[in-house]
Each structure stands twice: as structure tokens, then as C-alpha cells.
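Engineer: Here it is, the structure, as C-alpha cells.
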Amino acid sequence: RLDMKSQTKEEILAPGPFHRKETDYYYGASKDKKGFLYFPTHYGLVKYNYQNTKKFDTGISLITKYDSVSNRIIFGQMNGLGFINEKENIEIVIDSSKQLVPSHPKTIVLDEEGNIWIGNNGCLTIYDRKKKCFSKIEGGRKHGVFYINKAVNANFWVGGKDGVWIYNSQEAELRRVDDGIF
């Protein structure tokens, strides 16, 4: 934690594997409605309430995202998603086919209907909360999706190893706009 006013820093310790401190953090930390922080790690999810840390044995998580629809934190899981609420109850949803979420989610975005867009090594996938199922967005990407961002008119920017794409939600079409690595 960096105190900008005093220009001092304090290391926040969390329990890690093998009786050592956690050092294997990933990108994609988030904050819940109360302001508590959640950090994805190689060995689970770390919650920090500004007094202490707590470790949840959720397995490898690369990304977390606050979910305003359910007031929970979403975290990526191998072949699916996990959700943790304020009472620290955890729910896991897995793609049993391992085709729609073939790896760990690397990016998570919510659309206007509350569906969860997931980018991972293999594809772009949507988790439909109402139907409680995963579906794949078809398109020309051959490699992973590492970034999704909402654009105007319910469209999405998508980036990965094979370029930058835009998903036009009115036409349900994914179109490449650049072929560089993003």
C-alpha cells in the first residue's frame, strides 16, 4: 500500500503456499461495494479489508471483476467462473465441455443485460445468467482474447494475439479492424 501523502509504502502480507507469503499475484484486482479489495493469485483469491488479508482456496485466478448485478466479485476459474459475496459464500460455474471456456478467463466484462463476456486463450464466450449457460461468439479469431472493453451502442472492442476486433451487437458480428498484436 502506497501512502501518497507521506510517500511511504507498506507491504500487505497474505498467506501463500508452502508456509510463505503470497507472491504470485495476477492482473485484474477489483473492489467490492464496501471497498474491500480482491486479488487473483496462482494459489487462490486474496481479500483485503484494510486491516488484514484472507485467502480463499479457489485455485488459479487471473482476473476479478465487481458484479453490480449480483453485488458479488466474479473471478476467473479454469474452464469457468467463480462468484464470492459479502458473506464469503463461493459459487462456481464450470463449462463441462471445456470448449467454450477452454482455459482460465483473462478478461471479464458485463453487458447491459448482465451477461458476462469472457476472454481466454481459446475464444470469446458469454455466460448468460438467466439461462445459466455459456455460449461462444463465432468469428475469425484464431488465438486468445486478452482484452474486452465496452464501446458505444452495446458494441465491444476485443483484443488479442491476432488483432483488434469490434463486436457489433446489432448485427451479432465480430469484425477485425487491425491485425497487430494487442
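The values are calculated or read from the model by the stated rules, or taken from the named source; none is laboratory data. All values reported here derive from a predicted model rather than from experimental measurement. Counting neighbours? That spans all protein chains shown, and the Cβs are built from the backbone with ideal geometry, glycine included. In case anyone asks, the SASA skips ligands and DNA or RNA and just uses the protein heavy atoms, side chains included. Shrake-Rupley method; radii C 1.70, N 1.55, O 1.52, S 1.80 Å.
Engineer: Rounded to the nearest percent, how much of the accessible area of region 13-77 (1.4 Å probe, protein heavy atoms only) is carbon and sulfur?
Structural biologist: Ligands and nucleic acids excluded, carbon and sulfur give 53 percent.
Engineer: Can you list the residues, at least 5 places off or on another chain, whose amide H is less than 5 Å from the amide H of GLY80, using H built in the peptide plane?
Structural biologist: The list, which skips near neighbours in sequence, is ASP95.
Engineer: Could you please state how large a percent of the accessible area of region 87-153 is carbon and sulfur, counting protein chains only and using a 1.4 Å probe?
Structural biologist: The C+S portion of the solvent-accessible surface of region 87-153 is 48 percent.
Engineer: Any idea how far the Cα center of region 1-41 sits from the one of region 89-160, in Å?
Structural biologist: Each part reduced to its Cα centre gives a spacing of 26 Å.
Engineer: I've got another one for you. Residue by residue, what Karplus-based ³J(HN,Hα) values in Hz, rounded to whole numbers, does region 115-122 have, using 6.51, -1.76 and 1.60 with θ = phi - 60° and x for Gly and Pro?
Structural biologist: After applying 6.51 cos²θ - 1.76 cosθ + 1.60, I find 5, 10, 8, 10, x, 8, 4, x Hz.
Engineer: Next question. Rule-of-thumb check for region 98-182: C-alpha Rg over 2.2 N^0.38 Å?
Structural biologist: Region 98-182 yields a ratio of 0.99.
Engineer: Find the accessible area per residue for the chain; the probe is 1.4 Å, ligands and nucleic acids are left out, and the unit is Å².
Structural biologist: Heavy-atom accessible area per residue stands at 57 Å².
Engineer: Using protein chains only and a probe of 1.4 angstrom, how many square angstrom of SER96 are accessible, to the nearest 10?
Structural biologist: Here the residue's solvent-accessible area equals roughly 110 Å².
Engineer: Can you give the three extents of the C-alpha atoms in region 35-167 along their principal axes, from longest to shortest, in whole Å?
Structural biologist: Over region 35-167, Cα extents along the principal axes are 46, 28, 27 Å.
Engineer: Mind putting a number on the dipole of the chain about its Cα centre? Charges go on the C-beta only, +1 for Lys and Arg and -1 for Asp and Glu, and I need it in Debye to the nearest 20.
Structural biologist: The calculation lands at about 360 debye.
Engineer: Follow-up. Starting from one equal scatterer on each C-alpha and no solvent at all, send me the Debye-based log10 I(q)/I(0) for region 1-76 at q = 0.12, 0.13, 0.17 Å⁻¹, two decimals.
Structural biologist: Ignoring solvent entirely, the Cα scatterers give -0.34, -0.40, -0.66.
Engineer: To continue, here is another question. What pairs in LYS65/LYS150; LYS47/LYS87; LYS98/LYS132; LYS47/LYS130 have C-alpha atoms more than 24 Å from each other?
Structural biologist: LYS47/LYS130
Engineer: For the chain, build the charge dipole from Cβ charges (+1 Lys, Arg; -1 Asp, Glu) around the Cα centre, then report which of HIS143, ILE108, GLY122 sits farthest towards its positive end.
Structural biologist: The residue sitting most towards the positive pole is ILE108.
Engineer: Once ligands and nucleic acids are excluded and a 1.4 Å probe is used, how much of TRP157 is accessible, expressed in Å² to the nearest 10?
Structural biologist: Its heavy atoms expose roughly 100 Å² to the probe.
Engineer: Say each of LYS33 and VAL152 gets a label point 7 Å from the Cα, pointing the same way as Cα to Cβ; how far apart are those two points in nm?
Structural biologist: For the pair LYS33/VAL152, the computed spacing is 3.2 nm.
Engineer: Hey, can you grab everything whose amide H is under 5 Å from the amide H of GLU22? Only 5+ residues off in sequence or another chain; H modelled, so Pro and N-termini drop out.
Structural biologist: ALA14, GLY16
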